[in-house]
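Worksheet: one structure, shown below.
Derivation of every value follows stated rules applied to the coordinates shown; laboratory data play no part. Keep in mind it's a predicted model, so treat the numbers as computed, not measured. Here the Cβ is made from the backbone with ideal geometry for all residues, glycine too, and neighbour counts use every protein chain on show.
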Ligand SMILES: Nc1ncnc2c1ncn2[C@@H]1O[C@H](COP(=O)(O)OP(=O)(O)OP(=O)(O)O)[C@@H](O)[C@H]1O
Ligand SMILES: [Mg+2]
């Protein structure tokens, strides 16, 4: 039987989707994870391999040992935390993989900036602030407003805009605390970047032997000006001018090539100001949270997970045109820190025309926090429509029906 190992964090939203995808492809899914998984949905329990994202080499050895007994046909990482161990293990097993250097670069925002700079790709001015460097000086050199961020986190954790020298030290201390809480070295470097004005997009792509196919280009219609950067609405197809879209795709291609990524998904983020495209970053994974559920391909509505596993298993072709004329997702914003006590209006939200699904991902009674500390998503609304604008409107209307009580 075809066997695919998927590296997923225990808190992943996507385990059931990946397990279901493997089943559709008649492959056995093996889950490599850091703790016992709670798998929702009706899926037979998959086999597990215990790994630790903070120890990628050790984890890769566990995967290789498993494969000695049960040969694997592909090793796939579902998120950032798994890409290094997946690359090491896949290399060892002679399976398709990205180089270790390439995936490592995507896990360190400062290394990525250096690589993009060498490749002369468009990006903001930046400085890397080491533990012994003066952060205010770095910010002055970059020029205010500045965005400060930890080099190793994702989902906008610890990303803070500062407008003047007075705000720098407090932001640096806050980032140190967030980094420590995430189990990283609190003294790891901080990246200071010039704040890029303009609109933001996300490109979902799939690399096959170095060729990039654009699966979807999402607009982010809510302004993200900080000081913290909470993601809300993503809608595809993009309404940007076709020439700008072509430029985005070619920058994504060049960025993947500069990093040395050749296989598997990429998630690239860029900002566009006055027709000028600048790179935020490129990750060697697919879109985060449950956002991938907004993408359905071909007439049968093939999922993103099926698309990724198919490709990892070496099947070529398959549907890549999006099923709906337009689709979108909204990550429900968290207004403030506290205990989530109730979410009312759910039926009304689901009944809004264009809304196809809603999934709440934090149980009532849980402690929630907005960015920059947030480490979980409250939930997701999904919409389809005839145009990106009506899809966005459905998401806004559905969100307006919800009353999210945080005490
Ligand atoms: N230099 C910048 N100028 C303007 N906005 C920025 C800049 N850097 C980051 N941001 C904003 O902060 C968000 C998160 O930053 P970044 O993508 O670097 O970190 P991240 O933690 O990987 O986020 P995610 O996982 O959501 O992609 C970006 O999507 C963008 O909205
Ligand atoms: Mg990002």
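What to note about this one:
- Above 18 Å, the calculated P(r) of the stretch 284-346 contains 52 percent of its Cα-Cα pairs.
- Percent of alpha-carbon pairs separated by more than 18 Å within the stretch 65-215: 65 percent
- Peptides 234-245, 7-18 ranked from most to least packed, by the mean per-residue count of other Cβ atoms within 10 Å: 7-18, 234-245.
- In a fully extended conformation the segment linking residue 276 and residue 337 would gain 18.3 nm over its present Cα-Cα distance, using 0.36 nm per residue.
- Ranked by the mean number of other Cβ atoms within 10 Å of their residues, highest first, the peptides 92-105, 70-83 fall in the order 70-83, 92-105.
- Computed across the stretch 324-407, the Kirkwood radius stands at 13.1 Å (inverse of mean 1/r, all Cα pairs).
- For q = 0.21 Å⁻¹, Debye-computed log10 I/I(0) when each Cα of the stretch 275-315 counts as one equal scatterer: -0.79
- All Cα-Cα distances of the stretch 125-194, cut into 10 Å bins from zero to the largest, leave 24, 59, 16, 0 percent in each bin in turn.
- You can think of it this way: the chain between residue 141 and residue 403 has 89.9 nm of extra reach, that is 0.36 nm per residue less the Cα-Cα gap.
- If the chain linking residue 359 and residue 99 were pulled fully straight, counting 0.36 nm for each residue of separation and taking away their Cα-Cα distance, it would gain 90.0 nm.
- Alpha-carbon centroid distance for the pair the stretch 383-397 / the stretch 75-135, whole angstrom: 35 Å
- Kirkwood hydrodynamic radius over Cα pairs of the stretch 152-256, then Stokes diffusion coefficient at 20 °C and 1.002 mPa s, in µm²/s: 133 µm²/s
- Residue 119-residue 243 pseudo-label distance in nm [points 7 Å out on the Cα-to-Cβ vector]: 2.4 nm
- Modelled FRET efficiency - R0 51 Å, residue 165 with residue 1, Cβ distances, 0.05 increments: 0.25
- Cα centroid separation, the stretch 44-65 to the stretch 153-167 (Å): 33 Å
- Expressed in units of 2.2 N^0.38 Å, where N is the residue count, the Cα radius of gyration of the chain is 0.95.
- Among 267, 367, the ranking by other beta carbons within 10 Å of each residue's beta carbon, starting with the fewest, stands as 367, 267.
- Surface/4 of the Cα convex hull for the stretch 2-103, nm²: 5.8 nm²
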